[in-house]
Amino acid sequence: MTSATERRIYFDHSATTPVAPEVVEAMLPFFTGTFGNASSIHSFGQKAKVALEDARRQVSSLLGAEPSEIVFTSCGTEADNWAIKGAAHFFEGKKKHLITSIVEHHAVLFTCNYLHQHGFDVTYLPVDKFGMVSPASVAEALREDTFLVSIMHANNEVGTVNPIGEIGKVCRERGVLFHTDAVQTVGKLPISVIDMNVDLLSLSGHKFYGPKGVGALFMRRGLQLEKFIHGGHQERDRRAGTENVAGVVGLGKAAELCQTQIEDDERRLAKLSGDLYSKLRQAISGIYLNGHESQRLPGILNLSFDGVSNDSLMQNLDLKGIAVSGGSACNSGMAETSHVLNAMGLPMNLILSAIRFSLGRINCEEDIDYTVSALGEIVERLRTVKRSQAKFGA
Ligand code: PLP
């Protein structure tokens, strides 16, 4: 039996996941005996090349894509940057408008801001109170000179899943490229690049039990983008740089594992996060769910606790060994509130009291019960302190 103080519960799988043991095992030989450069023509290089191509097949199979449509990158951020800047530079001088949403990850938002500073027009679509983008708003925003629409599959803070297939259909009918940042959904929800009508899709290994520092961009066959990284002729001359063979092998193995486990994982996580939500609601008053009731990633639960700050909640939970994340980050004393919760129209008191639980394979029912009891005590204590501060004018 572990004592309460020794207990460590990880509810931050949207930030990163532990690497699956099978993934570590698959990667290890590529740090030792099988160390060749995949561009070398000798047998050392050819072994690495075969491993790369196996991984490409594993990743493409998870997405319902062709292996040749997968290009490995260093992370999800690079894939997002490449999709957006690569399309912008390809159309430069011909088309200058792109559409995204106001709740995208900064890898997309800041890339669009950068392009705006360099003469492109960007439309930032609003979202509804659940954080969802409507296909009608995309259709309305399209212009003659729109070259790209980039809308995330699921939001990383609240887990809301966008109607990507419908948005993709709107884009396809108007002949506009469609990119989706699927960093939070690949390996967690079934993905078909065909049904989703996407031309470009970003993913990242460390979000689905693979290693950090490796991702991929799905590029529909025949699609042309301006290069993002210049140098050698790797990745069929699409992305330069000696491949991270061990990382790519890990990404492939993680994709293969997800393909067999995705339905079980989904069911288990939906049950665990459903239990966490209902047990918390029974134990604590003044709790609000941020995000969609049903169109939500199964493992994400973003909750506001009226009357307590998320900083205090996170610190107190951490003292009890429970890791969660907050909707706002504090930078040099300046609170930067969540752009996602702001865009959903939440009042400031709920934005400042929001925390995200993101569950994963390593969590179990015991974690839920321990957390409900710990959080019950913490919230009660913090609210009592606040009430007495208000009473004595502190
Ligand atoms: N896009 C989304 C939706 C994310 O959640 C993240 C990471 O949190 C990224 C992109 C960036 O991915 P990476 O950490 O691989 O650069």
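The values are calculated or read from the model by the stated rules, or taken from the named source; none is laboratory data. Just so it is clear, the model here is predicted, and its values are computed rather than measured. When we count neighbours, we look across all protein chains shown, and the Cβ atoms used for this are built from the backbone with ideal geometry, even at glycine. In case anyone asks, the SASA skips ligands and DNA or RNA and just uses the protein heavy atoms, side chains included. Shrake-Rupley method; radii C 1.70, N 1.55, O 1.52, S 1.80 Å.
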- [ ] Go through segment 191-235 and give me each residue that's within 18 Å of His105 (Cβ to Cβ), open to solvent by less than 40 Å² (accessible area, probe 1.4 Å), touching a residue at least 60 places away in the same chain (Cβ under 8 Å) and away from the ligand (no atom under 12 Å from the Cβ).
- [x] Ile191, Leu200, Phe218
Open item on the list: For Gly241, only one of the following conditions fails: (1) assigned by TED's automatic domain parsing to the domain that holds Tyr370; (2) at positive phi. What is its number?
Closed with: (1)
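Assess whether His42 counts as being under 21 Å from Leu341 (Cα atoms) and free of Cβ contacts under 8 Å to residues at least 12 places away in the same chain. Walk me through it before giving the result.
On the way: under 21 Å from Leu341 (Cα atoms): no; free of Cβ contacts under 8 Å to residues at least 12 places away in the same chain: yes.
Taking the combined requirement at face value, the residue does not satisfy it.
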TODO: Taking Asn81 as meeting all but one of (1) open to solvent by less than 10 Å² (accessible area, probe 1.4 Å); (2) closer than 24 Å to Lys212 by Cα, write down the number of the exception.
DONE: (1)
Task: Hits in segment 120-178 (condition: closer than 20 Å to Ser202 by Cβ, aromatic (Phe, Trp, Tyr) and within 20 Å of the chain's Cα centre (by Cα)) - done: Tyr124, Phe178
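Just checking: which of the helices (runs of 4 or more DSSP H) contained wholly in segment 93-188 hold 2 or more residues that are away from the ligand (no atom under 14 Å from the Cβ), in contact (Cβ under 8 Å) with a residue 12 or more places away in the chain and in contact with a strand residue (DSSP E or B) (Cβ under 7 Å, 6 or more places away or on another chain)? Outline the logic, then answer.
On the way: elements: 106-117, 135-141, 164-173.
Counting at least 2 such residues, we get 135-141, 164-173.
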Task: Scope segment 75-92; condition acidic (Asp, Glu) and not in a helix (DSSP H, G or I); matching residues - done: Glu92
- [ ] Report, by residue number, each residue of segment 62-92 that is in contact with a helix residue (DSSP H, G or I) (Cβ under 8 Å, 6 or more places away or on another chain), among the acidic types (Asp, Glu) and within 16 Å of the ligand (Cβ to nearest atom).
- [x] Asp80
TODO: Report, ordered by the first and then the second residue, all pairs with beta carbons closer than 8 Å, sequence separation of six or more or different chains, a first member in segment 344-357 that is free of Cβ contacts under 8 Å to residues at least 24 places away in the same chain, and a second member that is assigned to a loop (DSSP other than H, G, I, E, B) and of a type outside the set (A, V, I, L, M).
DONE: Met348/Thr337
- [ ] Of the conditions (1) over 21 Å from the mean Cα position of the chain (by Cα); (2) open to solvent by 20 Å² or more (accessible area, probe 1.4 Å), Ala51 clears all except one; give me its number.
- [x] (2)
Open item on the list: Could you tell me how many of the residues in segment 125-150 are in contact with a helix residue (DSSP H, G or I) (Cβ under 8 Å, 6 or more places away or on another chain) and surrounded by fewer than 18 Cβ atoms within 10 Å (Cβ to Cβ)?
Closed with: 2
